[in-house]
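The values are calculated or read from the model by the stated rules, or taken from the named source; none is laboratory data. Everything numeric in this text was worked out from a predicted model, so none of it was measured. Backbone-built Cβ (ideal geometry, glycine too); neighbour counts: all protein chains shown.
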Amino acid sequence: MSKKFLLVLIFLFISTLAMAATTYTMKKGDNLSTVAQKYGVSVSDIIKANNIKNPNKVNVGTKLVIPPKTKKYTVQKGDTLTGIAKKFGTTVAALKSANNIKDTDKLYIGKVLVVPGGTTVAQASKPAAQPAPSKTTTQAQKPVAKPATTAPKTAAKPAAPATPVNEKAPYFWPVEGTREPLSGKLKGTMISANKDAVVHSVSTGKVIYEGQYRGMGRVIYVESANGYIYIYGGNEDTMVKTGDMVKPGTELGIPLENMETGKSVVYFLVYKDGNPVDERKAPRT
């Protein structure tokens, strides 16, 4: 599979999920300050979310992605990124991305963190006089490949599977839960899983991509020997890295949990030769 095609799939996957984000279309008389005030976010966050080059030249009709409201939190004794994420109803991945935290960084008492999104307001304490480190246990954030701007080929009919599959197989689906089809450009399944669910590989293959996109969790691509690409999205943490070999049942990741519903959403898609494949018919060998 070409690198260009891989980037296209990543871009389309991210674009489809991003449709659920809050957007605003610039009107006559608007500027970034008025829009930021309207939604209770900062101008800098809007600029960053939309990759705006000149904040003074945002034309009428421009559709802006409105980032979630952010909060500030001062790290206290005993805090970990996991604990802070649960306290605010956000994710470890989102905290690391918003604060540019690497796996080698230490979390010090008194450090002020930007908390993106979230539903719970935690009480911050005053910084301690002598900061002490607190280890984090999450996986290092990996760079995200630059998205391509062209779309893959489309086919009238999905590619035929190489071998028959059985939906009763132990790892026919990457996770158990209520399933519904994805809408938009991508063809696949969205699975609403229970708390503490683990995403499993449904096939044998090689991990050709594992990476994060802000607000979308981590995405894993597994390519089989016969050219099928299995895509697993919506992960908070992953248990594999690019280059790893997996088989049916291999644990791939922990999906993001919605702190309000206690549910997790997993995205499962299959491609071959640039075309979407009915994931129910893709080989599980």
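Name the one entry in GLU251, GLU279, GLU210 that is among the acidic types (Asp, Glu), on the phi < 0 side of the Ramachandran plot and surrounded by fewer than 22 Cβ atoms within 10 Å (Cβ to Cβ).
Going through GLU251, GLU279, GLU210 in turn, just one is among the acidic types (Asp, Glu), on the phi < 0 side of the Ramachandran plot and surrounded by fewer than 22 Cβ atoms within 10 Å (Cβ to Cβ): GLU251.
Just for the stretch 67-89: of the residues that are under 17 Å from the mean Cα position of the chain (by Cα) and either in the same structural domain as SER33 (by TED's automatic domain parsing) or within 23 Å of GLN37 (Cβ to Cβ) (or both), which one is modelled with the highest pLDDT?
PRO67
Restricting to the stretch 254-276, and then to whatever is farther than 15 Å from VAL207 by Cα and of a type in the set (Val, Ile, Thr), can you tell me which residue is surrounded by the most Cβ atoms within 10 Å (Cβ to Cβ)?
Selected residue: VAL266.
Filter the stretch 99-121 for residues that are at pLDDT below 70 and under 20 Å from SER42 (Cβ atoms); which is surrounded by the fewest Cβ atoms within 10 Å (Cβ to Cβ)?
Of everything passing the filter in the stretch 99-121, THR119 is surrounded by the fewest Cβ atoms within 10 Å (Cβ to Cβ).
The rows are residues; the columns are (1) touching a residue at least 60 places away in the same chain (Cβ under 8 Å); (2) assigned by TED's automatic domain parsing to the domain that holds ALA197; (3) not in a strand (DSSP E or B).
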{"site": "ASN235", "(1), (2), (3)": "no, yes, no"}
{"site": "VAL240", "(1), (2), (3)": "no, yes, yes"}
{"site": "GLY249", "(1), (2), (3)": "yes, yes, yes"}
{"site": "GLY262", "(1), (2), (3)": "yes, yes, yes"}
{"site": "TYR267", "(1), (2), (3)": "yes, yes, no"}
{"site": "VAL270", "(1), (2), (3)": "yes, yes, no"}
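Select, from LEU186, LEU182, the only residue that is touching a Gly at 6+ places or on another chain (Cβ under 9 Å) and modelled with pLDDT under 85.
Of the residues listed, the single one that is touching a Gly at 6+ places or on another chain (Cβ under 9 Å) and modelled with pLDDT under 85 is LEU182.
Modelled with pLDDT of 70 or more, out of contact with any Phe, Trp or Tyr (no Cβ under 8 Å at 6 or more places or on another chain), on the phi > 0 side of the Ramachandran plot and not assigned by TED's automatic domain parsing to the domain that holds SER42: is that true of GLY61 in this structure?
In short, no.
Can ILE229 be described as assigned to a strand (DSSP E or B), among the hydrophobic types (A, V, I, L, M, F, W, C) and free of Cβ contacts under 8 Å to residues at least 60 places away in the same chain?
In short, no.
Which members of the stretch 87-102 meet the condition of being more than 18 Å from LYS48 (Cα to Cα) and of a type in the set (A, V, I, L, M)?
VAL92
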